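Worksheet: one structure, shown below.
The values are calculated or read from the model by the stated rules, or taken from the named source; none is laboratory data. Everything quoted here is computed from the prediction, not taken from an experiment. Note: ideal-geometry Cβ built from the backbone for every residue, glycine included; neighbour counts use all protein chains shown. Side chains are part of the model used for accessible areas, which takes the heavy atoms of the whole protein and leaves out ligands, DNA and RNA. Shrake-Rupley method; radii C 1.70, N 1.55, O 1.52, S 1.80 Å.
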Amino acid sequence: MSQESVTQGSSTPSQGNAEPEHDKSSLGPLLCWAVVFADIGTSVYYTPGILYQTVHSLAGFFVFLTMSVFVLLTLKYAEVTQRFPQGGGVVTVAAQALNHWVGAVGGMFILVDYFLTAAISSLSGMLYLSVVFTALAPPFVSLSVTIGVLVLLGILNWFGISESAKVSLVGAIIAFVSDLAILVTVFTHISLLDFIGLVGEMFSKGHLTGTSLLIGFAGSFLAFSGLESISQLSPVMKTPRSKVASRALLMVVLTIGITSPLLTILSTLLLPSAAADANQSAQIISLLAGHWGNIVLQTEVAISASALLVFASNTAIIGAYHVFLALARMDFFPEVVLQRNRLRGTPHYAILIATGIPIIVLVAVNGRIDILGDMYAFGLLGAFSLTCLGLDVIRYRERRNAHRLLKARERGGEFVSGGEVESTLLNGFQSDGQTTNGPLSTSFAGSVPVAGSISSASANGNGASSMSHDMVEPEFSRENILGAWPTTDYVLGIITTVLVLLAWGTNLVAKPLATIFGGAFSLLGMGVAYLNYRQHERGGRTPVVITGIEGRMPDAILALLTGNENRDLAVVQSAVSESGGHPIIFLYVSDVPRNREPQMFEVIDPYLDDTAAKTAFGRAEHKARNLKMPRRYIYRMGDKNRVPAVVSGIWQVVHPHDTIVSADDVAEFENINPDRVRYELTSQGKVAHLLKRW
């Protein structure tokens, strides 16, 4: 992957729901489909053989059964892509909806998924290539070559290769056309009645019980691994993201729906001896092409499958080291992970880990693809489960707050938005220009204050958020959140979560090897995260979660931090001593212009790149953490001239009784209209209290 670049430039605030400008390289529906299909479309090459070892002739039935849950999952992932344009997938969703530690757990789950994807895809690629080059067939040879391929991919990433959506498009089209060619070839030899007979044969040979139904349902999710990659494309996706993601995932559903269930049914029923053989089962799609077609089709499928599987392995390595970088920027992993080599500017330690662990896994299982298949379930379904659960929590909060808003309007009284509902979500939509303030944020994009106006946070399209200049009145409609389709979607989402949790829970019991490996890695990773947090605490900086505000908090103290150590310490000292158990809201407004050029699978988050803000918040938390009062940490971006306006917007929403700023900065906030100003001399410096009785 090429070096991440940050171009310093100004962030232009957008107004209302205006679309931000995007780089011409942003991905549309076709390229997004290509990236996802190039990942998820490779699963059909190894899933039939792996699944056959467990459920035998019923493999195709279970893939077809799980396809319905896959469709429901795509609805949720389309929404995740729309809501979280900074990327991050399960890490972002789980952290915002539940807890930042849960977000870290989600990161461990997706890392397990990426490690096994890299291992199983690269090994499968070599096994398919052995159909053409038989010298690769011996297990020791195929394992050795697979390790060599992973080492080569690691070196290429160290040099800074770029993951190209256009290359993915070529590979995805070749793979899809090859799949269609196999289906056409097979159906020219068997009639529809013969196919119906095969379906009957599938059930006559396999016996369904309650236990086998659960195990088959849970195991067949392997056929749909790769769906999570759509949520990593948010930063490089064209707007409106809602349309791009929906269209891309519709194409994914159609292409996977046409190919995966049918190829699984045909390969396992027409070639049962090959499906039962440990070696041939890993080449079964190519063998199916050769058995019903000719040597040309078999060779083409073997070579194209091998190339696409190696490409999917490289995608997993890139995804893994970007997750490592994100977790390190979030203070879960040591900063050494972020180090880049001087020669190429690439994160060599992160790449080394992302490449080395799949190699270790391959050696540990002695290159047995069936064992890798059993190990796969933990991370994949764990990530699916946390994503679904997190999105359900966010939806629940929105519906709760929408009810509150409606009741307040019916009473004709004042209302301030509650919870983490963003202003545009009160309007029923997540603007594609909007972004939360990071994977650890419970975002505040605006609340409805007393006057009914709303301050809106928007983004420049590259992940850097800024505060809108105008105060606009939202057009709220009950149907937007509480209407028929949103309610149906909400219920379907809960059903999806229950089914995915059921599958994950089944695999935790039925596939102990996956549970041991995934659980051990997750515990190890969380142990590293805990120790890293403690190290920061001992250094005087406690990593904090960027939080939201819940509308009016008239008993709160608003403390403004600027990144100046002495001034900030004075403000923190005063806020802590004056709190009296009341909430403290620490606000940091960055005036450093940023314009990040996003890359695929990269998490774009201005706060995680803002060392000054992280340090300021960390010092404040270190001073205040022993006090038993609620604390909030709000991060906003705005150019230098608009910092006072941003602070004023937050002040108007919160209605704090005391706003504490450094005495040297008080002149900048004339647009705050306090009842009186009181100055205080602390041991760290002089501060001003802007007092207001609302």
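The requirement of being open to solvent by less than 50 Å² (accessible area, probe 1.4 Å) and touching a Gly at 6+ places or on another chain (Cβ under 7 Å) is fulfilled somewhere in region 129-142, by at least one residue. Answer with yes or no whether LEU233 is touching a helix residue (DSSP H, G or I) at 6+ places or on another chain (Cβ under 6 Å) and modelled with pLDDT under 90. Judged against the criteria, LEU233 is a match. Of the residues making up region 193-215, those that are in a loop (DSSP other than H, G, I, E, B) and either surrounded by 15 or more Cβ atoms within 10 Å (Cβ to Cβ) or touching a residue at least 12 places away in the same chain (Cβ under 8 Å) (or both) are GLY206, LEU208.
Among the residues of region 36-51, not a single one is more than 26 Å from the chain's Cα centre (by Cα), closer than 15 Å to PRO272 by Cα and surrounded by fewer than 24 Cβ atoms within 10 Å (Cβ to Cβ).
Is there a residue being free of Cβ contacts under 8 Å to residues at least 40 places away in the same chain and within 32 Å of the chain's Cα centre (by Cα) anywhere in region 601-614? Yes: region 601-614 contains one or more residues that are free of Cβ contacts under 8 Å to residues at least 40 places away in the same chain and within 32 Å of the chain's Cα centre (by Cα). Just one of the listed residues (VAL184, VAL236, VAL253) is touching a strand residue (DSSP E or B) at 6+ places or on another chain (Cβ under 9 Å) and open to solvent by 10 Å² or more (accessible area, probe 1.4 Å), namely VAL236. For region 537-577, the tally of residues that are open to solvent by less than 60 Å² (accessible area, probe 1.4 Å), over 22 Å from SER648 (Cβ atoms) and at pLDDT 85 or above stands at 2.
Could you list, in sequence order, all residues of region 506-536 that are out of contact with any Leu (no Cβ under 9 Å at 6 or more places or on another chain), open to solvent by less than 50 Å² (accessible area, probe 1.4 Å) and farther than 26 Å from GLU621 by Cβ? Correct list: LYS511 only. Of the numbered criteria (1) more than 30 Å from TYR114 (Cβ to Cβ); (2) assigned to a loop (DSSP other than H, G, I, E, B); (3) open to solvent by less than 10 Å² (accessible area, probe 1.4 Å), the one GLY580 fails is (3). Looking at GLY171, is it closer than 26 Å to THR117 by Cβ, open to solvent by less than 10 Å² (accessible area, probe 1.4 Å) and part of a helix (DSSP H, G or I)? No: the conditions fail for GLY171.
Is there a residue in region 192-202 that is of a type in the set (A, V, I, L, M, F, W, C), within 27 Å of LEU380 (Cα to Cα) and either at pLDDT 90 or above or touching a Phe, Trp or Tyr at 6+ places or on another chain (Cβ under 7 Å) (or both)? Outline the logic, then answer.
The first filter runs over region 192-202 and keeps only residues of a type in the set (A, V, I, L, M, F, W, C), leaving 192-193, 195-196, 198-199, 202.
Add one more test, that the residue is within 27 Å of LEU380 (Cα to Cα), and what stays is none.
Looking through region 192-202, none of the residues is of a type in the set (A, V, I, L, M, F, W, C), within 27 Å of LEU380 (Cα to Cα) and either at pLDDT 90 or above or touching a Phe, Trp or Tyr at 6+ places or on another chain (Cβ under 7 Å) (or both).
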